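The values are calculated or read from the model by the stated rules, or taken from the named source; none is laboratory data. This is a predicted model, so every value here is computed, not measured. All Cβ positions, even for glycine, are placed from backbone atoms using ideal geometry, and neighbour counts span all protein chains on display. Accessible surface areas use protein heavy atoms only, side chains included; no ligands, DNA or RNA. Shrake-Rupley method; radii C 1.70, N 1.55, O 1.52, S 1.80 Å.
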Amino acid sequence: MIDFRPVSIKDKELYNKYLPFTAHRGCEYTFANLMMWGEQRIAEMDGVLFRLSFYDNHYSYAFPIGNGDIKKAVTEIIKDAEQRGIPCSFFGVYQEDARIIEELFPEQFAFIKARDGFDYVYDIISLATLKGRKYHSKRNHLHRFTESFQNYSMEPLDKHNLHKVSELAENWYTQKLLENPDGDFEMEKNALSVALSNYEDLGFEGLLLKNGEDILAFTMGSKMTEDTFDVHFEKAVTPAAYVAINNEFAKYINNKYPEIKYLDREEDMGLEGLRKAKESYRPQKLIEKFRAVLIDENLIPRCAKDRDKENLYTLWQEAFGDSRDFLDIFRSTAYAHNRCRLIANSKEVLAALYIFDCIYKGEKIAYIYAVATAKSHRGQGLCNLLMADTHRYLIKNGYKGAILVPAKESLFRFYENMGYEICTFVNEISAEAQSETLQLEELSSSDYADLRKAYLDENSVLQEGENLRFLETYARFYRGENFIFSAYKEDNTLRVLEILGNTDNYSEIVKTLVCDKGTFRTKGKEKPFAMYYPLCDTIKDYPTYLGFAFD
């Protein structure tokens, strides 16, 4: 077992000795963050520095750094995790780290894009000047601030005024808890407490924004590299004060350290409001990171086999409420073992998904469907593991991208954290039957596929073959004057999965197909629908339309 010990301020010199052996400079590599966040432990062995983190109720290792044998070091970590009875996973893994791990331990780790942990890096001059159209709203906020607080002043943080930071922070946390009683700020409060207690030793610098004796905002950070400054904390009492302290700190650092070109404003931690705020300042770049997870040899993702049928049915019935008749139809029209990926033990299928073949810009992409994890095994990272492995499987089999449709709103963030981005929006229209009817022609699936191509632009996904064979088991295809659509009936309601072309005759369509009311999904801009993950660099544009989500 690796002899880890808690990090203390005395380890700063030792830690900085190892930093030159890595070119990475994300926020997790700063000694200040190592001291402040969670429970951090370090160890030295054969020229390598090891780090073990207990953060957000999970243990994880950092990628080892030093001039020693990295393969030996990772092997030691694998053994250490087994001895401690914890999952072997690495946080803050960069592309180069992932390449090294995969080269040394081929197909033994799954790599999961950690979107919540991406660093936001900004050009310091842009934040100091706020020039250009993209900062128009920020300049307006700043103008409102200077009008409201005409006697504001800035004051560098030092040991004489650090107590004012504590006062503002305490009031800020109190207010946030009133707004959100379920909010959890303890970890951040502890981190700030460590920062203030070790302010000078950690090399912090900061500013207070004041109006008279009232504290409106504070910020503090530390030098990360020769050209980058890390902003660790920023709190303000109003939105305009946030803009002001951000702008003033950029000017302060730029004047004091002309060699600094960038401000690293760290991660958004998956908080929607924080992500929007960081994106609104137009980062020059995001530092991408991954989580690397050792694949349990007893839970290695694989293609489905005949023997998995009943267990797959059980999983999908539990997850989606599917009837056995529906699953039998799916199996007879669209299913193939090599397009069903799953994780199973000797008794049950723990997680599974299905791959429909589609075409985008002449290349094969995968529509990932029916992603499910057994209720008894949720929260264990199996879906992340299965998805990461599926991406690798798809690349090996010539797929250029993956697209999926989250079943509910909360899953958009879940898949976003895997690296998926929203690519398709739709409008959903409701209509009731009216007295008039239309002339409609029912089409075969092959005729519908041919006509559909004429209505789709080059950024649309073509879904043919098993896609339409499965769809026509419960839906029908129609042509009207200058439009086509696919739909099915549910009681007295018409469910239109897509309608393409020129029509406003929604009520007439409902009447013609002898229903009382209908819902229509159209190409639009109102509601996020599909998400895309690129598996290659050859296709630059994301698809803007996916039609069938197999409701």
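Side notes on the structure shown:
- The stretch 470-551 - Rg (one decimal) and Dmax (whole number), Cα, Å: 14.9, 48
- Equivalent-ellipsoid semi-axes for the stretch 396-458 (Cα gyration tensor, √(5λ), whole Å, largest first): 33, 22, 10.
- Kirkwood Rh (inverse of mean 1/r, distinct Cα pairs), the stretch 318-369, angstrom: 12.7
- Given their separation in residues at 0.36 nm each and the Cα-Cα distance between them, Ile9 and Ile329 gain 108.8 nm when the chain is fully extended.
- The stretch 215-284-the stretch 296-310 distance, computed between alpha-carbon centres (Å): 48
- Separation of alpha-carbon centers, the stretch 47-101 and the stretch 142-157, rounded to whole Å: 46
- Convex hull volume per residue for the stretch 181-233, taking Cα atoms only, in Å³: 117
- Cross-linked pairs Lys176/Lys276; Lys138/Lys176; Lys276/Lys523: Cα-Cα separations exceed 21 Å for Lys138/Lys176; Lys276/Lys523.
- Estimated FRET transfer efficiency (Ile395, Glu297; beta-carbon r; R0 22 Å; 0.05): 0.50
- When restricted to Cα atoms, the stretch 345-385 yields an Rg and a Dmax of 13.7, 42 Å, respectively.
- Coarse-grained scattering of the stretch 1-148 at q = 0.15 Å⁻¹, given as base-10 log I(q)/I(0) from a Debye sum over alpha-carbon atoms: -0.81
- Estimated D of the stretch 209-286 in µm² per second, where Rh is the Kirkwood radius over Cα pairs and Stokes-Einstein applies at 20 °C, 1.002 mPa s: 160
- Cross-link check: pairs Lys164/Lys289; Lys134/Lys223; Lys131/Lys235; Lys375/Lys517; Lys10/Lys134; Lys189/Lys375 evaluated at a Cα-Cα cut-off of 32 Å; pairs beyond the cut-off: Lys164/Lys289; Lys375/Lys517; Lys10/Lys134; Lys189/Lys375.
- Size-normalised alpha-carbon gyration radius of the chain, reference 2.2 N^0.38 Å: 1.14
- Projected onto their three principal axes, the Cα atoms of the stretch 348-435 cover extents of 53, 39, 24 Å, largest first.
- Dipole check for the chain: with +1 at the C-beta of Lys and Arg, -1 at the C-beta of Asp and Glu, and the Cα centre as origin, the magnitude is about 600 Debye.
- FRET efficiency for the Thr314 to Tyr474 pair, using the beta carbon distance and R₀ = 22 Å, is estimated at 0.50.
- Note on Glu526 and Leu19: the extension gain reaches 177.8 nm, defined as 0.36 nm multiplied by sequence separation minus the Cα-Cα distance.
- Projecting label points 7 angstrom from Cα along Cα→Cβ for Arg378 and Tyr257 puts them 4.5 nm apart.
- Accessible surface, the stretch 1-146, averaged per residue in Å² (probe 1.4 Å): 48
- Globularity index of the stretch 250-405 is 1.41 (Cα radius of gyration / 2.2 N^0.38 Å, N = number of residues).
- Per-residue extension of 0.36 nm, minus the Cα-Cα distance of Phe414 and Glu188, leaves a gain of 79.1 nm for this segment.
- Cα-based helix-to-principal-axis angle, 445-455 vs the chain, degrees rounded to 10: 50
- Centre separation in Å (Cα based) which lies between the stretch 405-434 and the stretch 327-342: 24
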